[in-house]
Structures are given as C-alpha cells and as structure tokens.
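Contents: one structure, followed by commentary.
The values are calculated or read from the model by the stated rules, or taken from the named source; none is laboratory data. Quantities reported herein were computed from a predicted structural model and do not represent experimental measurements. Glycine also receives a Cβ, built like all others from the backbone with ideal geometry; neighbour counts cover every protein chain displayed. Surface areas here come from the heavy atoms of the whole protein model, side chains and all, with no ligands, DNA or RNA. Shrake-Rupley method; radii C 1.70, N 1.55, O 1.52, S 1.80 Å.
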Amino acid sequence: MRFTGSVCTGGVRRHLTGLTFAAALLFALLVRGTAVFGIALLFVVFVPLEKLFALRRQKTFRPGLLTDLTHILVNSVLTAVAVIVLVIAAAIPFVWLRRMDLVGGLPAWAAIALAAVVVAVANYWGHRLTHQVPFLWRFHSVHHSIEQMDWAASGRLHPLDQAFTQAVTILPLFLLGYDAGVFAGVAIVVTLLAIFQHANVRLRFPGLRWVIPTPEWHHWHHATDDDAHDTNFGLPIVDKAFGTAFLPTARVPDGFGIDDPVPNGYLRHLAHPFSHH
C-alpha cells in the first residue's frame with residue numbers, strides 16, 4: 001500500500017491536534033480544574049439540545065472540535081493575563097478618573113444599569129473594530145474561520161483577539177470605579193451568552209430575538225451571505241442603534257466561514273495573525 005504525502009501530512013496533523021488537546025486538558029486540570037468540569041457540564045447540556053433541535057445536521061465530533069475545545073481549555077488563562085496588561089497600560093493616562101470613583105455615590109440600581117449600558121456599547125465597538133481594522137482582523141479571522149456552528153465553536157478565538165475585546169469592554173468600567181467583582185461578573189455573562197448564541201439550534205425566541213443575541217441572531221453574524229456582511233456585532237438593540245442589525249425571518253444562512261483561509265489546529269491559530277499577508 002502506498003501513502004501519499006498529503007495523507008501522511010494529514011495523519012501528522014491529526015496526531016499533533018490530539019497531543020495539543022491532551023496537553024491543554026492536563027494544563028487546565030492543573031491550573032483551573034473546576035473549569036474542566038464546567039466544560040464537561042456544557043457538553044452534557046448542549047450536545048443533546050443540538051441533536052434534538054439541530055439547525056443543521058452535522059456530527060457532534062465534527063472536524064475542528066478538538067481544536068475548539070483546546071481553545072476553551074487554555075485561552076481563558078492567556079486572555080486574562082493579556083487583559084490585565086492591556087487595561088493597565090490603557091488606564092495609566094486616565095488613572096485620575098478612577099480616583100474620582102464616579103460610581104461610588106450612585107445607588108446600587110443605578111450603578112448596575114450604568115454598567116449594563118457601558119458593557120453593551122463598549123463590547124459592541126470592541127467587536128466591530130476587530131472587523132474594521134485590518135490588523136485586528138488578522139486575529140479575529142481565526143474566530144470567523146468556523147464553518148460548522150455549535151456551542152464549542154464559541155471558543156475558537158485567538159487569545160489576543162479575545163483580550164482586546166474584553167479590555168475595551170472592561171476599561172470604561174475600571175475608569176468609572178467598578179471593582180474586580182463586576183469585571184468577573186461581566187466575563188461570566190459574556191462567556192455564557194457566547195456559548196448560547198453559537199449553538200446549533202433552530203429554536204426561535206420571539207420574545208427575546210431583539211433583546212439578547214440568540215443563535216438565530218448571531219448565526220447571521222457568521223453567515224457567508226453578502227447582505228449579512230458586518231452585521232450583528234452585539235446586543236440587538238445596540239446594533240439597531242448603530243445601523244448594523246440584520247435579522248430576516250424567512251430564511252437561514254447559506255453557510256459560515258470566510259474566503260481568507262485560516263489553517264487548522266490550535267498552534268496554527270496562534271501563529272496565523274503573525275504570518276498573515
């Protein structure tokens with residue numbers, strides 16, 4: 001039996017993907033063991049949902065799944081470090097503003113409402129910039145290389161891309177005087193929403209479709225359809241305000257992905273922005 005070079009190369013890449021995932025799993029167990037059980041719980045919840053209410057018929061163990069799970073296992077640690085560096089560096093010229101503690105005198109309900117508005121608008125613009133600034137797109141294109149949407153696809157993010165958007169979201173909160181507990185709460189909510197909105201489910205939520213980013217909403221952000229290009233960056237109400245909302249009712253996306261090829265594999269994803277031409 002003769003083996004072609006492409007078959008051999010493909011076999012090596014599959015082994016490398018498996019080894020990278022195993023190393024990521026060991027790292028996650030050692031550094032953030034409880035998170036591994038959280039990921040397992042998400043698997044138990046979303047896999048049956050995606051089987052029962054699948055928008056598109058696809059395998060659970062689809063191509064790229066191990067790579068996306070590797071992102072989920074490792075990226076949060078890398079991203080957290082990068083966010084801290086970015087926020088501190090950006091805040092240094094404005095540290096006087098934080099010392100004013102502008103939210104300190106607000107009643108709790110007003111502080112919560114202000115935080116929600118700040119997060120919604122800042123997250124929208126952080127995300128939109130990653131599409132409009134070519135240098136930032138180098139990193140964000142890793143996320144848009146997804147061709148099969150599901151809950152795990154939400155994790156396919158370059159750590160520096162994720163760190164940029166999170167830093168843009170957190171920086172104004174930091175300057176206004178909010179504390180680390182608020183930052184952590186924002187990170188949890190944003191992460192859970194991301195997992196939910198990428199899920200491969202055909203469920204529609206009539207009462208929520210213009211309130212939170214449902215799968216129906218966010219799948220259009222990843223769509224290859226020409227009229228869906230650069231739409232649905234954040235919460236529907238914010239996209240509506242800035243003219244980027246797109247939510248047709250009588251169709252589904254033709255497909256997902258981008259024309260600009262992104263190589264497969266976690267390590268290749270990390271390297272891609274720096275080898276992009």
Report, by residue number, each residue of the stretch 103-128 that is touching a Phe, Trp or Tyr at 6+ places or on another chain (Cβ under 7 Å) and either open to solvent by 60 Å² or more (accessible area, probe 1.4 Å) or hydroxyl-bearing (Ser, Thr, Tyr) (or both). Tyr124
Residues in the stretch 90-102 that are in a helix (DSSP H, G or I), open to solvent by 60 Å² or more (accessible area, probe 1.4 Å) and either touching a Pro at 6+ places or on another chain (Cβ under 8 Å) or farther than 12 Å from Tyr178 by Cβ (or both) total 5
So which pairs qualify, if the first residue must be in the stretch 133-162 and closer than 14 Å to Leu66 by Cα and part of a helix (DSSP H, G or I), the second must be open to solvent by 10 Å² or more (accessible area, probe 1.4 Å) and among the aromatic types (Phe, Trp, Tyr), the Cβ gap must be under 9 Å, and the two must be at least 6 apart or on different chains? Trp151/Phe43; Trp151/Phe46; Trp151/Phe196; Ala152/Phe43; Ala152/Phe46; Ala153/Phe256; Ser154/Phe196
Residue under question is Phe183, and the condition is that it be of a type in the set (Phe, Trp, Tyr) and open to solvent by 20 Å² or more (accessible area, probe 1.4 Å); does it hold? yes
Output the residues belonging to the stretch 172-212 that are within 19 Å of Leu49 (Cα to Cα), touching a Phe, Trp or Tyr at 6+ places or on another chain (Cβ under 9 Å) and either assigned to a helix (DSSP H, G or I) or at pLDDT 90 or above (or both). Ile195, Phe196, Gln197, His198, Ala199, Asn200, Val201
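For every residue, the table says whether it meets (1) farther than 29 Å from Pro63 by Cβ; (2) over 11 Å from the mean Cα position of the chain (by Cα).
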{"position": "Pro134", "(1), (2)": "no, yes"}
{"position": "His144", "(1), (2)": "no, no"}
{"position": "Glu147", "(1), (2)": "no, yes"}
{"position": "Arg156", "(1), (2)": "no, no"}
{"position": "Pro159", "(1), (2)": "no, no"}
{"position": "Leu173", "(1), (2)": "yes, yes"}
{"position": "Pro215", "(1), (2)": "no, yes"}
Test Ala82 against the stated conditions and say whether it is touching a Phe, Trp or Tyr at 6+ places or on another chain (Cβ under 9 Å), at pLDDT 95 or above and in a helix (DSSP H, G or I). yes
Search the stretch 84-98 for residues that are free of Cβ contacts under 8 Å to residues at least 60 places away in the same chain and pair each with any residue that is exposed (fewer than 13 other Cβ atoms within 10 Å of the Cβ) and of a type in the set (Lys, Arg) when their beta-carbon atoms are under 9 Å apart and the residues are at least 6 apart or on different chains. none
Checking Phe274, Phe242, Phe246 in turn, the sole residue that is out of contact with any Pro (no Cβ under 6 Å at 6 or more places or on another chain), within 16 Å of Leu157 (Cα to Cα) and aromatic (Phe, Trp, Tyr) turns out to be Phe274
How many residues are open to solvent by less than 60 Å² (accessible area, probe 1.4 Å) and either at positive phi or in contact with a Lys or Arg (Cβ under 9 Å, 6 or more places away or on another chain) (or both) when one looks only at the stretch 44-71? 8
Using the structure shown, decide if His131 is at pLDDT 95 or above, open to solvent by less than 20 Å² (accessible area, probe 1.4 Å) and within 28 Å of Ser275 (Cβ to Cβ). no
Suppose we keep only residues that are of a type in the set (Asp, Glu) and in contact (Cβ under 8 Å) with a residue 40 or more places away in the chain within the stretch 190-249. Which one would you say is surrounded by the most Cβ atoms within 10 Å (Cβ to Cβ)? Asp239
